[in-house]
Amino acid sequence: MKMKELAERLTLELTTPNAPMEAEVKTGYASDLLSDVLANSIEGDLWVTRQTHLNIVAIAVMRDLSGILLVNGSQPDPDTLEKAAEKIVPIFRTPLPTFEIVGRLYQLGISGRR
Amino acid sequence: MLELSMHILDIIQNSLRAKASRVEVRIREDREKDRLIIEVQDDGQGMPPEIAKRVADPFYTTRPSRVAGLGVPLLKEAAEKCGGHLEVHSREGEGTQILADFQLDHFDRAPLGDMGETLAILITGNPGVNFLYLHQVDGQTYRLDTREMREVLGPVGLEDPSVFAFVREDVRQGLKKIGAATFPKIAEILRGPETR
């Protein structure tokens, strides 16, 4: 499913307005431990997390993730947004907790298969 | 807990429950050795050795309202997952020292968080307690001592709303000035070393 459609169907708020939304999202990974994401995410994953600081952009760039989805209404730090805009990493927000949003992503066909 | 400042707040709340009249927070960053050391020292009622040995056990608490006390165990876990450790030193009637050691640039080292907000909450919420905050980055030091603040403030108490804003901003700016490592080094990959 294209990022744009995913965001619309799950009412995700895009916090990085200029990020491209045409990427195809097929898989996702949920974790708040950066070393875990670095070790276990795969290229193209949508990363679901509670972490909001600058390092999440570094991880997304390193692993070539399709985007970051912040749960529980978390607000990205200002320097996170700045770097995400520069590196063209889409960051979304949802008021839902991880369990709920991951379930909805799965229902839309986004899997955690490695 | 997502930020170290939240761990520190939790540990200091233990000090306040132990009736401390002075709490000293010392944070040392040693970039050469890649270590971050957080030390909280209080002059509260302290603990006998058998209790001090158990405070890092998540199912142990001295509070009757809870079945588990998580402040120390969570800090221990945070330190250990970043190549560090936690020590508890306590003497009954004299006070307690909690020391947590982290690898400064470990990928999973939590951000420092807002120490300005944390100290502002503690200082204005506990005007009868003296707080010392020392943050050292290699050779540079930021220092805030409420004993010195009292001398300057005179009749204005530490609970005054203007104190909250002052402490919050002074700490934030002070840490920025000494280049406190808000994040582990991974940010440098994108940010460049000069802005650390």
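Would you mind pulling out the separation of the Cα centroids of segment B:99-115 and segment A:13-54, in Å? Here the answer is 22 Å between Cα centres. What pairs in A:LYS4/A:LYS26; B:LYS81/B:LYS185; B:LYS81/B:LYS177 have C-alpha atoms more than 18 Å from each other? In this structure, B:LYS81/B:LYS177 exceed 18 Å between Cα atoms. Evaluated at q = 0.08, 0.10, 0.11 Å⁻¹, a Debye calculation over the C-alpha positions of the protein assembly as shown (equal weights, vacuum) places log10 I(q)/I(0) at -0.42, -0.65, -0.76.
Among the DSSP beta bridges whose two residues both lie in the protein assembly as shown, what percent are antiparallel, rounded to the nearest 5?
Details: 32 of 51 bridges.
The antiparallel fraction comes to roughly 65 percent.
Order of B:LYS177, A:LYS4, A:LYS83 from fewest to most other C-beta atoms within 10 Å?
Fewest-to-most Cβ neighbours within 10 Å comes out as B:LYS177, A:LYS4, A:LYS83.
Dipole magnitude for the protein assembly as shown: computed about the Cα centre from +1 point charges on Lys and Arg Cβ and -1 point charges on Asp and Glu Cβ, it is near 500 debye. Under the convention that each Lys and Arg Cβ holds +1 and each Asp and Glu Cβ holds -1, the size of the dipole of chain B around its Cα centre is about 180 debye. Considering only B:LEU158, B:TYR60, B:GLN140, the residue lying farthest towards the positive end of the dipole of segment B:4-188 is B:TYR60, judged by Cα position with unit charges set on Cβ. Counting only Cα atoms, chain B measures 49, 44, 26 Å along its principal axes, largest extent leading. Where only DSSP H runs of four or more residues are counted, the protein assembly as shown gives -10500 deg cm²/dmol as its mean residue ellipticity at 222 nm, each run worth -39500 (n - 2.57).
When B:PHE102, B:PHE164, B:PHE131 are sorted by how many other C-beta atoms sit within 10 angstrom of their C-beta, beginning with the fewest, the order is B:PHE164, B:PHE131, B:PHE102. Net charge dipole, segment A:3-107: roughly 160 debye, given to the nearest 20, about the Cα centre with Cβ charges of +1 for Lys and Arg and -1 for Asp and Glu. Normalised by residue number, the volume inside the convex hull of the Cα atoms of segment A:16-114 is 85 Å³ per residue.
Ordered from longest to shortest, the equivalent ellipsoid semi-axes for segment B:1-114 are 24, 15, 12 Å, each the square root of 5 times a Cα gyration tensor eigenvalue. Given the options A:PRO76, B:LEU36, B:LEU99, identify the residue whose Cα lies farthest towards the positive end of the charge dipole of the protein assembly as shown (+1 on Cβ of Lys, Arg; -1 on Cβ of Asp, Glu). Of the options given, the answer is A:PRO76. Listed from fewest to most Cβ neighbours within 10 Å, the set B:ASP57, B:ASP114 follows the order B:ASP57, B:ASP114.
Farthest toward the positive end of the dipole of the protein assembly as shown, out of B:SER5, B:ALA78, A:LEU54, is the Cα of B:ALA78, where the dipole comes from beta carbon charges about the Cα centre.
Throughout, read-outs are computed from the coordinates displayed, never taken from laboratory work. Just so we're clear, the structure is a prediction, and the values are computed from it rather than from any experiment. All Cβ positions, even for glycine, are placed from backbone atoms using ideal geometry, and neighbour counts span all protein chains on display.
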